[in-house]
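Structure first, commentary second.
The values are calculated or read from the model by the stated rules, or taken from the named source; none is laboratory data. Values in this document were obtained by computation on a predicted structure and should not be read as measured data. No Cβ is skipped: glycine too gets one built from the backbone with ideal geometry, and neighbour counts run over all protein chains shown.
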Amino acid sequence: MKGGRIRELGAALAELRLENEALHNTLAALLSGSGRAAFLTDVNGIIVAANVAEAERARFHSRHVIGRSVYDILFPESAGERRNQVNARITTGEPAVFEDRYGERWVQTSVYPVFNTQREVVGLAVHGTDITGLRRIDEHIKASHREKEVLLREVHHRVKNNLQIVHSLLSLQIKRSDQAEITQILKECQNRIRSISLIHQRLYRAKNLAQLDMGDYLESLTHDIERAYRANERGIAITVTTDGVSLDPDTAIPCGLIANELVSNSLKHAFRGGVEGRVAVKLEEQGERVSLKVSDNGVGLSPAPDFDHIPSLGLQLVAVLARQLNGTVSVHSSQGLTVSIVFPVSSNADGTPGVRDGRPACGDRRAEGI
């Protein structure tokens, strides 16, 4: 009876060996048909089956891989580090993905945990894919992007230089003019040109050409306006708050011009007879919209004119620029004047701000206008 039991156990063992060999052959066939380097390992990373031909084509260094550590074969210079990274990931059931260079070729290796019926990790499935072509395409795109970025920076630099030339020409004309009204108009044109030039200067130096930090820009802009109108000497303080708002150039330029007009208007008309005061510029995000608010504690608002017949060039510019931003303008007069422009940050398909057919409603407080 004992001998019969031994024969039964031997037969069962032989059957298990056949099943194991059949399973091994099936795995080998699956791996060979995968079209890429593939390995099956135990939980410690020892290879039990492999697509050897693809492994050789992927330039893994040995045909004799069965029984060896997959980490030593795939990551000979960082085997320990990669083993720790894989072990940290497989406990979560997530794959680990690496990209490595082998000579002139790049291979992406994906390591997936293999589970038994009790959801215990019993092995690893490792796939290696040659991504050399994709890497080369990616490097070509990055090189092209860097080249275009350099050219775009050069464009901003040249535009800034050309605007500075126009600014200098206006300075020469101001010196030759003996008419106060013409001199004032030329100075206002200088301020508008300067506001555009500042944006191109900021973009030339910026890390991100698609977005402009409005905090630095508006600080510089108001500082120049402050000097032009001798605000410090007159006891007028200007504060700027932007809460880290960034805008694309197509939005930043009209936004900056609006701020230029409104701050200039306050310094020209709100504080007469040596009256001291303050001007506040605030730019903030409101959901999917942005609000630009310029306020002062000056003389306040005079009766609003017919918006279709605004005598002031400055207010006309504000209205036109607000429509360009698809924004609305509102005016409040309480212990001074506050002008708010609210506009969306979304863009049209061509990347330019949308345009609203309607007109914003606002009024001018001073007969002289901006």
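Once the range 327-337 is narrowed to residues that are surrounded by fewer than 19 Cβ atoms within 10 Å (Cβ to Cβ) and under 16 Å from Ile258 (Cβ atoms), the residue that is modelled with the highest pLDDT is Thr328. The condition (being at pLDDT below 80, of a type outside the set (Val, Ile, Thr) and over 30 Å from Ile47 (Cβ atoms)) is satisfied by just one residue among Ser171, Ser144: Ser144. Checking each residue in the range 33-69 for being of a type in the set (Val, Ile, Thr), at pLDDT 75 or above and either assigned to a helix (DSSP H, G or I) or in contact with a Gly (Cβ under 8 Å, 6 or more places away or on another chain) (or both) picks out Thr41, Val43, Ile46, Ile47, Val48. Filtering the range 87-103 down to residues that are farther than 14 Å from Tyr71 by Cβ and more than 32 Å from the chain's Cα centre (by Cα), which residue is surrounded by the most Cβ atoms within 10 Å (Cβ to Cβ)? Here the residue is Tyr102.
Yes or no: Arg83 among the charged types (D, E, K, R), free of Cβ contacts under 8 Å to residues at least 24 places away in the same chain and outside the structural domain of Ile193 (by TED's automatic domain parsing)? The answer is no for Arg83. Of all residues in the range 240-261, those that are within 19 Å of Glu188 (Cα to Cα) and in contact with a Lys or Arg (Cβ under 9 Å, 6 or more places away or on another chain) total 3. Are any residues in the range 111-131 exposed (fewer than 14 other Cβ atoms within 10 Å of the Cβ) and in contact with a strand residue (DSSP E or B) (Cβ under 8 Å, 6 or more places away or on another chain), and if so, which ones? Phe115, Asn116, Val122, listed by residue number. State whether one or more residues within the range 116-132 are among the hydrophobic types (A, V, I, L, M, F, W, C), more than 23 Å from Arg202 (Cα to Cα) and part of a helix (DSSP H, G or I). No, that holds for no residue. With respect to (1) in a loop (DSSP other than H, G, I, E, B); (2) surrounded by 15 or more Cβ atoms within 10 Å (Cβ to Cβ), the lone exception for Ile174 is condition (1).
Residue check: Ala259 meets all listed conditions (1) at pLDDT below 85; (2) aliphatic (A, V, I, L, M); (3) assigned by TED's automatic domain parsing to the domain that holds Val331 but one, namely (1). The listed residues are His200, His145, and the only one of them that is part of a helix (DSSP H, G or I) and exposed (fewer than 15 other Cβ atoms within 10 Å of the Cβ) turns out to be His145. Screening His223 against (1) exposed (fewer than 15 other Cβ atoms within 10 Å of the Cβ); (2) outside the structural domain of Leu321 (by TED's automatic domain parsing); (3) not polar (S, T, N, Q) leaves a single unmet condition, (2). Reported count of residues in the range 147-159, each being at pLDDT 80 or above and not aliphatic (A, V, I, L, M), is 2.
Are any of the residues in the range 179-193 in contact with a His (Cβ under 7 Å, 6 or more places away or on another chain), assigned by TED's automatic domain parsing to the domain that holds Ser168, surrounded by 22 or more Cβ atoms within 10 Å (Cβ to Cβ) and assigned to a helix (DSSP H, G or I)? No; the residues of the range 179-193 include none that is in contact with a His (Cβ under 7 Å, 6 or more places away or on another chain), assigned by TED's automatic domain parsing to the domain that holds Ser168, surrounded by 22 or more Cβ atoms within 10 Å (Cβ to Cβ) and assigned to a helix (DSSP H, G or I). Test Ser347 against the criterion of being in contact with a Pro (Cβ under 7 Å, 6 or more places away or on another chain), at pLDDT below 90 and surrounded by fewer than 21 Cβ atoms within 10 Å (Cβ to Cβ), and give yes or no. Yes, satisfied. Considering the conditions (1) over 17 Å from Leu267 (Cα atoms); (2) in contact (Cβ under 8 Å) with a residue 40 or more places away in the chain, Gln173 is excluded by exactly one of them, (2).
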